[in-house]
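Beneath this line is the structure, given in structure tokens, with notes to follow.
The values are calculated or read from the model by the stated rules, or taken from the named source; none is laboratory data. The model shown is predicted, which means the values in this text are computed figures rather than measured ones. With ideal geometry, Cβ positions are generated from the backbone for all residues, glycine too; neighbour counts draw on all protein chains shown.
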Amino acid sequence: MDRILIDTDPGVDDAQAILLAAAHPKHRIEGLLAVAGNVGLEHTLRNSLLLTEVIDQKIPVYPGCAQPLVMFQEDAADAHGHDGLGDVGLVPQQRQAETEHAALALVRMANESPNEITLAAIGPLTNVAVALTIDPDLPKKLKRLVVMGGAVTGHGNTSSITAEFNIYFDPEAAHMVFTAWAKVGLLIDVVDWEVTKRHGFPQEVVNRWRTMDSPKAKFFKAITDKNYDRSFNVLKRPSLYAADPLALAVLLEPDIVTKAEQRHLSIEINGSHSRGQTIVDWDNRLGKPANANIILAVDDLRFQALMEQGLR
């Protein structure tokens, strides 16, 4: 059984991703590391605890960083609701958070079980950056790092135009993480916003899931209602984007990837319209070794099957 940690800022699509991951028979979630991002830490921590109850697994939840390393820019409450889960009023009934900080928990587990833990970072990278300041050798102690973040050709989804939200929320943290992995010659699997847009869930598939008669599917429908309306009726998108579930699908079943390219990726931390941009050296003009395995395409039907499995 492969062991995973999920660093997360739930978030509707974070919740979907955790449902997907929790149902996979060959992986075990060892912990949720909560971080501020889509909404504030008080919400993301509460939502993480709630999710352990929804999936009915006794997974420890660790409180992490409540703000970016340098400065706050914007949250994503307009997309996820003020509480992060569609403002449907769900709260955990029994579960309590651990007292250990998420960054400390990450360092501890990586040192206790070197090269056994795979980390999925599906929120801002603040917790991971703090963990790196505690243990600079962290990249060599993790089995794998999968990041949902970036817009590899500058088609972002924030007020910074070219930046994707998770990276834009804390670009200094992202800069630290990608630089640290590059220094030791290791690749980060990057699932960016642009591949997310190419592999959304078709409306007819989402409609089928919304009528499934299971507690998880009903939870999915409740938290997704506002997102569904915003995506299909307001923004007129062709599909429901599912960034974090896609990142977990890539982690759980790497052979779901049908196209990827290894390139050097860096983070812009300055600029009024480029702060948080992920800059990819597509033509190897800098001659720097690759630090990112950029996912460009996946098997849609397998992705949908993994999500459906999580809703049963």
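Observations
- Filter result for Glu53 (more than 15 Å from the chain's Cα centre (by Cα), of a type in the set (D, E, K, R) and not in a helix (DSSP H, G or I)): no
- Within the range 84-97, considering residues that are in contact (Cβ under 8 Å) with a residue 24 or more places away in the chain and exposed (fewer than 14 other Cβ atoms within 10 Å of the Cβ), the one nearest to Phe219 (Cα to Cα): Val91
- Scan of the range 211-245 for residues that are more than 30 Å from Gly154 (Cβ to Cβ), surrounded by fewer than 14 Cβ atoms within 10 Å (Cβ to Cβ) and acidic (Asp, Glu), ordered by number: Asp213
- The set of residues from the range 178-200 being farther than 15 Å from Ile294 by Cβ and either buried (at least 21 other Cβ atoms within 10 Å of the Cβ) or of a type in the set (Gly, Ala, Ser) (or both) comprises Ala180, Gly185, Gly200.
- The residues listed here are Ile167, Ile161, Ile117; of these, the one that is of a type in the set (A, V, I, L, M, F, W, C) and on the phi > 0 side of the Ramachandran plot is Ile161.
- Filter result for Ile269 (of a type outside the set (Gly, Ala, Ser) and either touching a Gly at 6+ places or on another chain (Cβ under 7 Å) or surrounded by 21 or more Cβ atoms within 10 Å (Cβ to Cβ) (or both)): no
- Here the range 57-93 is the region considered, the condition is being assigned to a loop (DSSP other than H, G, I, E, B) and of a type in the set (D, E, K, R), and the residue that is modelled with the lowest pLDDT is Asp75.
- For the range 201-210, the criterion of being charged (D, E, K, R), surrounded by 14 or more Cβ atoms within 10 Å (Cβ to Cβ) and in a loop (DSSP other than H, G, I, E, B) is met by none of the residues.
Here's the yes/no breakdown for (1) within 18 Å of Asp192 (Cβ to Cβ); (2) aromatic (Phe, Trp, Tyr); (3) within 17 Å of the chain's Cα centre (by Cα):
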site: Asp255; (1), (2), (3): no, no, no
site: Gln262; (1), (2), (3): yes, no, no
site: Glu268; (1), (2), (3): yes, no, no
site: Ser274; (1), (2), (3): yes, no, no
site: Ile279; (1), (2), (3): yes, no, no
site: Leu286; (1), (2), (3): no, no, no
site: Ile295; (1), (2), (3): yes, no, yes
